[in-house]
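Written out below as structure tokens is the structure these notes cover.
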Amino acid sequence: MSTARRCAVVTGGARGIGEAITRELLARGTDVVVADWNATAIDEFRPPADQDGGRVTLVRADVSQEADWFRVLEVARSTYGPVTVLVNNAAISPKRDGRRTPTSEMSLDEWHSVLAVNLTGAFLGSKLVHADMSAAGWGRIVNISSQAARTGARVAGVHYGATKAALLGLTRTLAFEYGPDGITVNAVTPGRIMTPMAAGVADEVNQAMQRDIPVGRLGTPEDTAAVVGFLVSDQAGFVNGATVDANGGSWMG
């Protein structure tokens, strides 16, 4: 499933699920530009030692800002070439002492900040990579949604659930629009994955969620990355507008 010598952009790709996706693509020989706002995660990221894999460049960027997207894509194009793989993974989920903000207490600023990163960021990236992908006649866009899009947000707030559900609508609409240009657009809805975001809630919350997963464990970032690796491969060319649930069986459609 080679994506060798292609250029990918992975948002939020310096830690958690995003880091696992970055490393999956690098192992496949893809050159990756990581766009991440977390300066500490960028500083701590260590490229793989395998010289046969892809190359990586990390850029601090706010994906909700169009100017930052222009800068990220300029770095990608000037360093590795046209962008033909995009993984919209960046997301935020504000908590109060490890617990969700009740809708009745949520400020408009908090609502807007989550929509800007989780949804507008994916819109901007998908819009701005179209030229490269359509010129190449080949492209892959993968939007990282969440099981919260299927069941409603129970651990995260209403803003997180709303944006993750909206990503599924964005995915299907873009799949219809971009498909004739040789571009597939798909979504992945991870279940409970042990990431820094998941670690930000009380331990009993994660333990309760694990009891509801038929495979008997929480997911790993690599579980999600493996699905993304397939969706961006040549072999996935007939998968378009799909939502892949990777949750250990905790939700079955």
>> Looking only at residues that are in a helix (DSSP H, G or I) and more than 21 Å from residue 143 (Cβ to Cβ) in segment 36-56, which one is nearest to the chain's Cα centre (by Cα)?
In response: 42
>> Being out of contact with any Cys (no Cβ under 9 Å at 6 or more places or on another chain), free of Cβ contacts under 8 Å to residues at least 60 places away in the same chain, among the β-branched types (Val, Ile, Thr) and not in a helix (DSSP H, G or I) is true for just one of 33, 59, 63. Which residue is that?
In response: 59
> Taking residue 84, is it out of contact with any helix residue (DSSP H, G or I) (no Cβ under 6 Å at 6 or more places or on another chain) and touching a residue at least 24 places away in the same chain (Cβ under 8 Å)?
Replying inline: no
>> So, in segment 69-94, exactly how many residues are closer than 17 Å to residue 114 by Cα and either in a helix (DSSP H, G or I) or among the β-branched types (Val, Ile, Thr) (or both)?
In response: 1
> Of these, 176, 238, which one is at pLDDT 95 or above and part of a loop (DSSP other than H, G, I, E, B)?
Replying inline: 238
>> What's the total number of residues in segment 1-33 that are of a type in the set (Ser, Thr, Tyr) and at pLDDT 95 or above?
In response: 3
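The values are calculated or read from the model by the stated rules, or taken from the named source; none is laboratory data. Note that the coordinates shown come from a computational prediction; the quantities given were computed from them, not determined experimentally. Because the Cβ atoms are built from the backbone with ideal geometry, glycine has one as well, and the counts that use them run over all protein chains shown.
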